Amino acid sequence: MNTQTTRSFLLFMIVTISTCAVGQTMRRGPAGSGNMPTGSNSVPANGSSNAANSMDPSQQNIWKVALELGLTPDQRTQLESSVATYKNGRANLDEAIHDARAALALALANGQTSFDVEIEAVVSANSKMQEADLKLWASLFALCTSDQQKQMLNLETPLSQAASVPSTTTSARSQ
């Protein structure tokens, strides 16, 4: 293999692996989470078990945490609205990620030597997906009582992980 082909292949592998790692990180839910548990309070307020089967892992994880928090029917209805908004935006984000990856793959296949635009598109699309995931978790946090918020911060969620960042990191950055 020539040097340019080797570099292109390595760049492609780095982007692919990092994209997969971001996707796995963002899809990882609470500790021990698998499928959403069954039971009367484990599904959206409408009680549909079909809704539980059509959820992506992010949605399953948020409903699992909602169950652990013991949300009221009103809180579940509010969360269901947030999840519906998330789900609508998610389809566009999934498409943007797919398109950005396809553009990078095409650039690699065509022998391009500079991939800055394509890499920025992949990173941007992944970043927007991460933002949407965090906003969904923030919507759950916002509708909780103060006791439920404390309980939620003790569970393994993206918000609790952000809250567990040592304060020395913040003070080190400001220096």
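Bear in mind that the values in this text are calculations on the coordinates, not laboratory data. Source: prediction; values computed, not measured. Note that each Cβ is placed from the backbone with ideal geometry, even for glycine, and that neighbours are counted across all protein chains shown.
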Q.
Against the conditions (1) aliphatic (A, V, I, L, M); (2) surrounded by 14 or more Cβ atoms within 10 Å (Cβ to Cβ); (3) within 16 Å of Lys135 (Cβ to Cβ), where does Leu67 fall short? Just the number, please.
A. (3)
Q. Considering only residues of the stretch 86-98 that are small (Gly, Ala, Ser) and within 14 Å of the chain's Cα centre (by Cα), which is surrounded by the most Cβ atoms within 10 Å (Cβ to Cβ)?
A. Gly89
Q: Take the residues in the stretch 99-152 that are among the hydroxyl-bearing types (Ser, Thr, Tyr), free of Cβ contacts under 8 Å to residues at least 40 places away in the same chain and in a helix (DSSP H, G or I), then tell me which one is surrounded by the most Cβ atoms within 10 Å (Cβ to Cβ).
A: Ser124
